[in-house]
Every structure is written in structure tokens, then in C-alpha cells.
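**Student:** Quick one: structure below, then a few questions.
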Amino acid sequence: MQKHSYKILNVLMLAFLVSCGGEEKSPTGSGESVAGTDDRIPISQEQFDQNNMKLDVMKEMQFPVMITTSGMIDVPPENRAVVSATMGGYIKRAPLLVGDRVRKGQLLVTIENPEFVALQQKYMEIHGQLSYLQAEYDRQQTMIDEKISSQKSFLKAQSDYKTAVATYNGLRKQLSMMNISTEQVEKGNISSVASIFAPIAGSITKVNVSKGTYVSPEVPIMEIINNDHIHLELSVFEKDIMNIKKGQMVEFKIPESSRETFKAQVHLVGTSIDQNRTIKVHAHLENEEKANFLTGMFVEANIITESTKKMALPTEAISIVDDQAYILVLDDKLDDQYYFKRMTVTTNGDYNEMTALENLSGDNLNRQFLTKGAFNLMGE
């Protein structure tokens, strides 16, 4: 009997424990979860400061309307010189290399040719005959005035003298073009070498000869470029040219050598269309004396034709996730805790590290946004 009593007591205690375990329910007594649905991003003041985060409001700024083009650094025609020989000959001396700077009038090369000797010899002969021919012409002039000589003799003397003068002046000019001193030739100093001097100051950009090379007048010996005044030579497509005007601002970069943006101003707009349906636009640089460009450098440029006002945030405040742009707006701040909400936006152009935004309601224009550090939060 006592054993049965113990069994009944054990069964009752087990049933009581099971009953108590089965009655454990949610704090509400309904059995449903009370997990929150807050999708905001919390940031503590310490995190905010450590990551150098910043808050700011949207700002209205001018966004330019630009025409994108390309071109090169160039110089005016008077700042570029191609050096060639007046008469053919063999290079005797060529002391300069590409990159050397030269001053105007500096010796570039010397050329040797036996024909130079013959030219000077002929000049000396004509120079020696002039005195006699002039005296004969003057004598015949006097005799014809006194009706002593015939008209035929006078005309012959006149023709001989004027022909000699013309030949003398022609040879003198040729020798001058070859930089051979006629004064030295008249003294009997004949040279087989002609010198070529720099027509402008600048830097040598091409050297096409070496010592012993034969050059003819049509063969360029070297090229000199003066970079003291450089400009942009841009190619604008036909469809855009009607929007280009003198005085418009140009922003350009040298993509192969620098990320810096430089400024120029439209100076001339071409009046003819090239075969590739582009028009040349000539622009002058700002702060040209500080520029360190080389002729022929490729440039990428934007010509600003007008500007419009738009609401904008710093570009780093905008994150792109799955081709959608987002920004973080400050929803609340409680004690040392920030709460941000993610907001989708539509962008409408970038300029000077600012991005224009569209379709924003009036309420959002006055709210604060996370302008620095948003990218890290979006990626979490």
C-alpha cells in the first residue's frame, strides 16, 4: 500500500513540472514575438568623432552646362620655326641636340659646298667690273649730251652697267641669305662654308641631320619651338559649335601627366569645318607663366556654355548600391546616439566634388545629411 502511495506521488509531481513548463509563454501572454522593426542606423558620438564624420544641409550652387571636347597644347605660327638651307650642301658642324635652348641668332649648323666658292668668285668679278662699267656709262652719257658719241654706243654702255648692277645686287642678296659676309668676300676672303642661325629663340624639338649629311633646300634640318606663349587648339563637333562663343571658360586636364584641372578662355572660333566634321577652337590659358606644358600634349577639355542652379551635396555623401544612389539623413539624435535613415535619390551631374540631386521634397531640403563617412555605413 505504501509503495503505491509513493508511485502516485511521483506521478503527480512529474505532471506538475510538465504543466509548469508548458505554461511558459511570451511576456505578453499571446505567444507572439515583440522584436522591433527599426531599420535606422545607429552611430554613437564616439564612433562619429573617431571616423571624422560630418553633417551638413543641402546647398544651392551653380552647375555648368558643358561641351566635352579634346585637343592639344600648341603655339602660334610665329613661335614655331623650321630651319632649312638656302642652298644644298654637306653638314660640317651640328653641335646641338633635341632639348637644347637657343637664342635668336645663335649658330645652329654649318654647311659646306664648292658651289659657295663659285658664287663668291662671281660676286667678286662683278664687283670688280662695276667701277669700269659705271665710268664707261658716265663717259657715254657725257658724250651723248655733247653729241659726240652715237646713241648705239650710249645704250650699250647703259645696258652693260645696269645688267652688272642687277647681277651684283642679286649675288649680294644670295650671299646674305647664306650668312656669308660680302665685306669679307670683297676683301678676297672666300669661304666654302655657310652658317645657319636660329631665326627665333626657343627649344630644339627636332634634329634631322648629323655631320656629313647632305641637305637640299626642301629638307628640314631642325625645328625650334618657343613655349613662351602656348594655347589650346580644340576640336569641337559641328553639332556643338553654335553654342561656342568668345570669352567662355574652358576647364581642361592633361590626362597622361596630371589630375589637376587648369583653366583657359575661348579666344577664337574657327569658321571652316574639317573633314572629320569638327571646327577648331583656339583658347588662351590663365596663369600662362605658371604652366609647364609641352607643345603637342593631349588635353581633355570642357567648354562651359552656361550654368544653372541646383541643390547639391558633396559627392562623397552619395553611395551607389546596385545602380541606385543613396544618402543618409539624420532622423534623430538622443543623448550621444545618432540615428540615420537611408534615402534613395536621383543624381543630376557632378561638378567640383559636388553632386546635384533631383526630386527632393521641401521638407528634405532643410534636413541634415551625413556628408562624410556615409560610404562605410552603407557597406555595413
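The values are calculated or read from the model by the stated rules, or taken from the named source; none is laboratory data. These numbers were taken from a predicted model, which means no experiment stands behind them. A quick note on method: Cβ atoms are made from the backbone with ideal geometry, for glycine too, and the neighbour counts reach across all protein chains shown. SASA here: full protein model, heavy atoms, side chains in, ligands and nucleic acids out. Shrake-Rupley method; radii C 1.70, N 1.55, O 1.52, S 1.80 Å.
**Student:** Of everything in the range 163-196 that's in a helix (DSSP H, G or I), open to solvent by 60 Å² or more (accessible area, probe 1.4 Å) and touching a residue at least 12 places away in the same chain (Cβ under 8 Å), which residue is farthest from ALA135 (Cα to Cα)? Give the derivation first.
**Tutor:** Let us first name the residues in the range 163-196 that are in a helix (DSSP H, G or I), namely 163-177, 182-186.
With the extra rule that they be open to solvent by 60 Å² or more (accessible area, probe 1.4 Å), the set shrinks to 163, 166, 169, 172-174, 176-177, 183-184, 186.
Right, trim to touching a residue at least 12 places away in the same chain (Cβ under 8 Å) and you get 172, 174, 177, 186.
Values: ARG172: 21, GLN174: 26, MET177: 30, GLU186: 20 Å.
My answer is MET177.
**Student:** If you don't mind, another one. What's the number of the condition GLY105 fails, among (1) buried (at least 16 other Cβ atoms within 10 Å of the Cβ); (2) not in a helix (DSSP H, G or I)?
**Tutor:** (1)
**Student:** Quick test for you: out of ILE111, ILE43, pick the one residue that is outside any helix (DSSP H, G or I), hydrophobic (A, V, I, L, M, F, W, C), modelled with pLDDT of 95 or more and more than 30 Å from the chain's Cα centre (by Cα).
**Tutor:** One residue alone meets the criteria, ILE111.
**Student:** Taking PRO77, is it under 47 Å from the mean Cα position of the chain (by Cα), surrounded by 12 or more Cβ atoms within 10 Å (Cβ to Cβ) and closer than 30 Å to ALA264 by Cβ?
**Tutor:** no
**Student:** Is it true that some residue in the range 197-205 is surrounded by fewer than 16 Cβ atoms within 10 Å (Cβ to Cβ) and among the β-branched types (Val, Ile, Thr)?
**Tutor:** no
**Student:** Considering each residue of the range 225-248, count those that are open to solvent by less than 60 Å² (accessible area, probe 1.4 Å) and more than 18 Å from VAL75 (Cβ to Cβ), and give that number.
**Tutor:** 6
**Student:** Restricting the search to the range 135-151, which residues are touching a helix residue (DSSP H, G or I) at 6+ places or on another chain (Cβ under 6 Å) and in a helix (DSSP H, G or I)?
**Tutor:** Across the range 135-151, the qualifying residues are GLU136, TYR137, GLN140, ILE144.
**Student:** Here's something else I'd like to know. Looking only at the range 286-311, which residues are within 18 Å of MET249 (Cα to Cα) and among the acidic types (Asp, Glu)?
**Tutor:** Correct list: GLU286, GLU288, GLU300, GLU306.
**Student:** While we're on this one: What is the residue count in the range 294-324 for residues that are under 18 Å from PHE340 (Cα atoms), open to solvent by less than 10 Å² (accessible area, probe 1.4 Å) and hydrophobic (A, V, I, L, M, F, W, C)?
**Tutor:** Residues meeting the conditions: 2.
**Student:** Yes or no: the range 82-93 includes at least one residue that is out of contact with any Gly (no Cβ under 6 Å at 6 or more places or on another chain), over 30 Å from SER195 (Cα atoms) and in a strand (DSSP E or B).
**Tutor:** For the range 82-93, residues out of contact with any Gly (no Cβ under 6 Å at 6 or more places or on another chain), over 30 Å from SER195 (Cα atoms) and in a strand (DSSP E or B): absent.
**Student:** Continuing with this model, one more query. Please report, ordered by residue number, the strands (runs of 3 or more DSSP E) entirely within the range 270-345 with at least 1 residues that are of a type in the set (A, V, I, L, M) and under 19 Å from GLU358 (Cα atoms).
**Tutor:** Answer list for the range 270-345: 298-314, 319-321, 324-334.
**Student:** Given the criteria out of contact with any Leu (no Cβ under 6 Å at 6 or more places or on another chain) and open to solvent by less than 50 Å² (accessible area, probe 1.4 Å), does ALA118 qualify?
**Tutor:** No; evaluated as a whole, the condition is false for this residue.
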